[in-house]
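Below is one structure, written out as C-alpha cells, with a few remarks after it.
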Amino acid sequence: MTTTTALRFPWAGLIALAIASFLSISGEMLPTGLLPEMGDELRVSESSVGLLVSVFAFTVVLTSPILTHFTSRIPRHRLLVGLILVIAIGAAGTALAPSYATLVVARVVGGLAHGVFWAITGAYAAHLVPRDQVGKALAVSSSGGTLAFVLGVPLGTAVGQAVGWRLAFGLLAVLMVIGAVLVWRLLPDVGSGASDAATLRQEYSDAMTGATPIGPGALATGSIPIIRPGSRAGGRPPREEIDPSVLGVVMACIVTGFFMVGHYSLYTYVAPFLTRSSELPPDILSITLFAYGIAGAVGLLLVGLVLGRRPDLSIPVVMALVAVAVVGLLIFEGQPVPSFVVFVILGVTFGALPPLLQTRLLQVAPARIRDIASSFYTSSFNAGIGAGALLGGLVLSGVGLDALPRLYIVIAVVMLVVTVVSNIALVRLDRRRKTVRRAAREARRLAGPR
C-alpha cells in the first residue's frame with residue numbers, strides 16, 4: 001500500500017507547478033531587492049518603487065475572484081499554461097518600460113494573470129492526491145514560492161546590481177516561457193470546473209461503497225461527505241451533502257490577509273532596513289536574502305515533514321515564533337551579525353506560515369468549492385501584500401524605518417490571538433453540529449421505518 005501510494009504521487013507535475021510558482025513569485029517580489037536601483041533610474045522615491053508591489057497585489061485582489069469565475073470552464077491545464085505566458089509578458093513589459101507609468105501598466109498585466117494562477121494552483125495540486133497527502137502535495141507545489149526567496153529574489157537582486165534591473169526582469173520573462181513549456185509537458189490534466197463536479201459525484205459514490213482507495217467516508221479529492229437527514233447512501237447525493245465549512249474558510253482568509261500586512265510592511269522595504277537600521281554592508285544584501293530564502297526552505301520542509309499534519313496547532317506556534325524573531329530585529333538594531341542571525345530565524349518561521357495557512361484552508365474547504373476558496377485566499381494574501389507595502393511606505397515616509405518592525409509585532413500578536421480564539425470557536429461549533437446530528441439520527445431510529 002505504501003509503495004503504491006508513493007509510486008502514484010505526481011512528483012513531476014507538482015515540481016513543474018513549483019517551478020512556475022517560483023517564477024511567478026520572483027516576478028512579483030523582485031522589486032523589493034532592487035528599490036535603490038529602480039528608483040534612481042526612474043527618478044522616483046523608494047516608497048514609489050515599493051508601491052509597484054502594491055499595484056501588482058491589488059490587481060490580484062480586485063480581479064482574482066471574478067477572473068477565476070469567468071475562467072472556470074476552461075481546462076485547468078490549458079489555463080495554467082496561458083497564465084504563465086501572460087505573466088511572462090508582464091515581466092518583459094517591466095524590463096522594457098520607458099517610464100514609471102508604463103512600468104505600472106506592465107505590473108497590472110502580470111497581476112491579472114498572477115491572481116488566477118494562484119487561485120487555481122493550490123486546488124490543482126490538492127486535486128491530484130488523496131486527502132492524507134494534501135499537505136505533502138502543497139508542500140511540493142508551494143515550494144516554488146519559498147525557493148523564489150531562496151534563489152529568485154537574491155539572484156535577481158545580484159543580477160540587477162551587477163548589470164541592471166531591466167536585464168533581471170528580461171531574463172525572468174525568458175525563464176517563464178520555459179516554465180510554461182514544463183507545465184504543459186509534465187503536469188497532469190484535471191479538466192475544467194464542470195468536469196471536476198462530475199468527478200466529485202463519482203468519488204462520492206465510490207467513497208460510500210468503499211470503492212475509493214482510501215476507504216469509505218473520504219473522497220479521493222480530500223473532502224468528507226456528510227449525509228443529510230432524508231438522503232440515502234445508495235441514491236443521488238443532495239447538493240448539501242458536503243459541509244462547506246464557510247466559517248473556517250473565512251477565518252483562514254482574514255488571518256492570512258492581516259498577517260501579510262504586517263510581514264510585507266517590513267519585507268517590502270527590507271533592503272533599506274537591513275542596510276540602514278541593521279547596518280549590514282550593501283554588498284552582502286543579496287547574500288543575506290539568499291540566507292533568508294534558505295531558511296524559508298527549511299521552514300517549508302518542516303511543514304512537509306511535521307507541521308503540516310496538524311496546522312490548527314502549528315499555525316499559532318509559528319505565529320508566536322515570528323513575533324519573537326521580529327522583536328529580535330529591534331533588540332539587535334545596529335548590530336550586523338546578530339541582526340543577520342535573527343533575520344535568518346525569521347526566514348525559517350515565516351517560511352512555514354503560508355503553506356500552513358493554505359493547508360488549513362484546503363482541509364476545511366470541500367473539493368467542489370476549492371477553486372473559489374483558493375481565489376479568496378489568494379485575494380486575501382495579495383491584499384495583505386499590497387496593503388503592507390502601502391502601509392510600510394507611508395510609515396517609512398512619515399515615521400521612519402525603525403517603526404516598521406514595531407508595526408509588524410503588533411499585527412502578529414493580534415492575529416495570534418484571533419487564530420487561537422477562532423480555533424476554539426470552530427471546534428465548539430463542530431462538536432455542537434455533531435451532537436445535533438447524533439440526536440437527529442437517534443430520533444429517526446426510535447421513530448422506526450415509515
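The values are calculated or read from the model by the stated rules, or taken from the named source; none is laboratory data. Just so we're clear, the structure is a prediction, and the values are computed from it rather than from any experiment. Using ideal geometry, Cβ is built from the backbone for each residue, glycine included, and neighbour counts are taken over all protein chains shown.
The table below lists the values:
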item	result
The stretch 141-171, subset out of contact with any Asp or Glu (no Cβ under 6 Å at 6 or more places or on another chain), crowded, with 24+ Cβ neighbours inside 10 Å and farther than 19 Å from PHE343 by Cα, residue modelled with the highest pLDDT	PHE169
Qualifying residue in the stretch 276-291 (condition: out of contact with any Pro (no Cβ under 9 Å at 6 or more places or on another chain) and touching a residue at least 24 places away in the same chain (Cβ under 8 Å))	yes
Helices (runs of 4 or more DSSP H) lying entirely in the stretch 34-97 (those with 3 or more residues that are surrounded by 22 or more Cβ atoms within 10 Å (Cβ to Cβ) and in contact with a Lys or Arg (Cβ under 9 Å, 6 or more places away or on another chain))	46-70
Residues satisfying the stated conditions in the stretch 98-113, i.e. surrounded by fewer than 23 Cβ atoms within 10 Å (Cβ to Cβ) and touching a Phe, Trp or Tyr at 6+ places or on another chain (Cβ under 8 Å)	VAL108
All positions within the stretch 411-438 that are surrounded by 16 or more Cβ atoms within 10 Å (Cβ to Cβ), farther than 14 Å from LEU247 by Cα and either modelled with pLDDT under 85 or not β-branched (Val, Ile, Thr) (or both)	ALA412, MET415, LEU416
The stretch 286-308, subset under 22 Å from GLU37 (Cβ atoms) and buried (at least 22 other Cβ atoms within 10 Å of the Cβ), residue farthest from the chain's Cα centre (by Cα)	THR288
Scan of the stretch 354-367 for residues that are within 16 Å of THR256 (Cα to Cα) and assigned to a helix (DSSP H, G or I), ordered by number	PRO354, PRO355, LEU356, LEU357, GLN358, THR359, ARG360, LEU361, LEU362, GLN363, VAL364
Pairs with Cβ under 6 Å, 6+ apart, first in the stretch 131-142 and touching a residue at least 60 places away in the same chain (Cβ under 8 Å) and farther than 15 Å from VAL364 by Cα, second of a type in the set (Val, Ile, Thr) and part of a helix (DSSP H, G or I)	ALA139/VAL303
Unmet requirement for LEU396, which otherwise passes all of (1) surrounded by 14 or more Cβ atoms within 10 Å (Cβ to Cβ); (2) closer than 25 Å to LEU353 by Cα	(2)
Qualifying residue in the stretch 247-265 (condition: in contact (Cβ under 8 Å) with a residue 60 or more places away in the chain, closer than 16 Å to GLY334 by Cα and either aliphatic (A, V, I, L, M) or crowded, with 21+ Cβ neighbours inside 10 Å (or both))	no
Selection status of SER72, touching a Leu at 6+ places or on another chain (Cβ under 9 Å), hydroxyl-bearing (Ser, Thr, Tyr), in contact (Cβ under 8 Å) with a residue 24 or more places away in the chain and closer than 24 Å to VAL134 by Cα	no
Test: GLN358 is in contact with a helix residue (DSSP H, G or I) (Cβ under 9 Å, 6 or more places away or on another chain), farther than 30 Å from SER278 by Cα and surrounded by fewer than 23 Cβ atoms within 10 Å (Cβ to Cβ)	no
Selection from the stretch 17-53 of residues that are under 15 Å from the mean Cα position of the chain (by Cα) and within 23 Å of GLY400 (Cα to Cα)	MET29
Exclusive hit being part of a helix (DSSP H, G or I), at pLDDT 90 or above, over 23 Å from ILE424 (Cα atoms) and touching a helix residue (DSSP H, G or I) at 6+ places or on another chain (Cβ under 6 Å), set GLY351, GLY328, GLY296	GLY328
Given (1) assigned to a helix (DSSP H, G or I); (2) in contact (Cβ under 8 Å) with a residue 60 or more places away in the chain; (3) crowded, with 20+ Cβ neighbours inside 10 Å; (4) not charged (D, E, K, R), index of the condition LEU346 fails	(2)
Extreme residue, farthest from the chain's Cα centre (by Cα), among residues of the stretch 368-413 that are closer than 30 Å to LEU80 by Cα and among the aliphatic types (A, V, I, L, M)	LEU390
Members of the stretch 258-285 found to be within 23 Å of the chain's Cα centre (by Cα) and not in a helix (DSSP H, G or I), listed by number	THR268, TYR269
Meets criteria (in contact (Cβ under 8 Å) with a residue 40 or more places away in the chain and farther than 25 Å from SER64 by Cα) for VAL427	no
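Each row is one residue, and each column tells you yes or no for (1) surrounded by 24 or more Cβ atoms within 10 Å (Cβ to Cβ); (2) part of a helix (DSSP H, G or I); (3) in contact with a strand residue (DSSP E or B) (Cβ under 8 Å, 6 or more places away or on another chain); (4) not aliphatic (A, V, I, L, M).
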residue	(1), (2), (3), (4)
SER314	no, yes, no, yes
PRO338	no, yes, no, yes
ILE369	no, yes, no, no
ALA373	yes, yes, no, no
